[in-house]
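The values are calculated or read from the model by the stated rules, or taken from the named source; none is laboratory data. Just so you know, these numbers come straight off a predicted model, no measurement behind them. Glycine gets a Cβ as well: all are built from the backbone with ideal geometry, and neighbour counts include every protein chain shown. We work out accessible area using only protein heavy atoms, side chains counted, and drop any ligands, DNA or RNA first. Shrake-Rupley method; radii C 1.70, N 1.55, O 1.52, S 1.80 Å.
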Number of protein chains: 2
Amino acid sequence: MSQKHDRRFARSQQAIIEAGIATLLRNPSAGMSEIADAAGIGRATLYRHFDSREALVRKLALTCMEETQAALQPHEDLSGRAAVEAIIDVLMPMTDRFRFLVSLWSLVEGDAQVARIEARMRDEMLDMFQQGIAAGDFRADLPASWMAAFFDSTLMAGWTLVEAGSATSAEAAAFVKRSFLAGCGK
Amino acid sequence: MSQKHDRRFARSQQAIIEAGIATLLRNPSAGMSEIADAAGIGRATLYRHFDSREALVRKLALTCMEETQAALQPHEDLSGRAAVEAIIDVLMPMTDRFRFLVSLWSLVEGDAQVARIEARMRDEMLDMFQQGIAAGDFRADLPASWMAAFFDSTLMAGWTLVEAGSATSAEAAAFVKRSFLAGCGK
DNA sequence: AAGATGTGATACAAGCATGTCTCAGAAACA
DNA sequence: TGTTTCTGAGACATGCTTGTATCACATCTT
């Protein structure tokens, strides 16, 4: 990778991304000051890393998508129930990333690159469910588009429970698997 | 009811609420100008009806909760699967109302009255699921708190599908029923 | 150690949304 | 019809956020 920057630069960058996701998730209309404070850096430094608030939000969204995709990469070959279970196990602990995308979608949906990547990820999901239906793993009386929406929303429900303190991440993952597979499997 | 106002006043009020919900749902950071435009009224008039943006948002949330509760009222005596099916049928066409609450929760979660009403509605939901579990309608290996979260999220998934144009409201309702009851029923 | 690079603090200009006020005109009421 | 009530348009002050620029200082590199 390109190591063209100082250690400090990389450290700030990381702090910004982490704090940015957390802060905007908690308060979607947080300003640059609030984000800088949360990251433990000066506002001026934040602007040195990102030209504008819009650029920052965009970068955060892209990062979340990249990380999500990277986490799913190893399980690309799986399909049907096995794929669903693997994806849930991988995604449940990544609360922030996926949730950032779902909750703050309206902030980035206009961006072309973001939209392109999202479309690709969605298509992969649809394929996965389509395959599962064809293989007899999933019920045939529900369209793949519904399964994809249902899957995302069920993951969100799991995170809700974890955030509310009503369940651990592992417990929530179990609930998600049980309810989703019972709701779509056959 | 108290008819202490002009027809115009009532008409503006209604337009503001309708446009407010729709506009803020589309763009959570919409300003008073944008909302007034959407309602087809002047910004000054908007301020005559609501002292501040915060008061407006609060009113919108309370309205959504009232309408939701009023719609559910007639089915209060139902329980188990029948209750779930009835609630889905009633709520699916009310996309905006419930979705406003879910999507813009962070804007109103600080308000005491809003929180009180929300807590009551959630408790009623929990009771409903608890009863269903006791009656053998729902699986006993899933906590009622999960079922409540799962139920809300599945409704959201249905609305997502409708909004994306992938299904009609009736179709989505059928998907929601099928997947939710299969995912929690036994 | 010396130079390069990144940082925090601060000041600053500009834009935007908020909330207030006024006034002329339109619509409702009785 | 005459009076009351509501409205739209616009001016206005204010505060907040954005984005830029500067300077002294700290940290990294070599």
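A few comments on the model shown:
- Cα gyration tensor shape of the stretch A:1-81, rounded if a/c is under 1.5, else prolate or oblate by comparing a/b with b/c: oblate
- Distances in nm from A:ARG139 to the matching label points in the other copies, shortest first (labels 7 Å along Cα to Cβ): 1.3
- Heavy-atom accessible area order for A:HIS5, B:HIS49, B:HIS75, largest first, 1.4 Å probe: A:HIS5, B:HIS75, B:HIS49
- Judged by the ratio a/c of the largest to the smallest principal axis of the C-alpha gyration tensor, the protein assembly as shown counts as oblate, that ratio being 1.5 or greater while a/b is no larger than b/c.
- Buried accessible area, chains B and A (both chains, 1.4 Å probe, Å² to nearest 100): 1900
- In sequence order, the stretch B:79-85 has phi-based couplings of 8, x, 4, 4, 5, 4, 5 Hz under the Karplus curve 6.51 cos²θ - 1.76 cosθ + 1.60, θ = phi - 60°, and Gly or Pro positions carry x.
- Based on C-alpha pairs under 8 angstrom that are at least 6 apart in sequence, chain A has a relative contact order of 20 percent.
- Copy-to-copy label distances for A:GLY110, where each label lies 7 Å from Cα along Cα-to-Cβ, are 2.6 nm in order of increasing length.
- Protein accessible area in the stretch B:1-50, 1.4 Å probe - carbon and sulfur %: 48
- Cα centroid separation, the stretch B:139-153 to the stretch A:123-139 (Å): 25
- Shielding of peptide B:160-171 by partners, expressed as the average count of other chain Cβ atoms within 10 Å per residue Cβ, is 2.
- Per residue, the accessible area of the protein assembly as shown comes to 50 Å², computed with a 1.4 Å probe over protein heavy atoms only.
- Exam field: B:ASP127 pseudo-label spacings to other copies (7 Å along Cα-Cβ), nanometres: 5.0
- For the stretch A:1-79 versus the stretch B:51-109, the inter-centroid distance based on Cα atoms is 35 Å.
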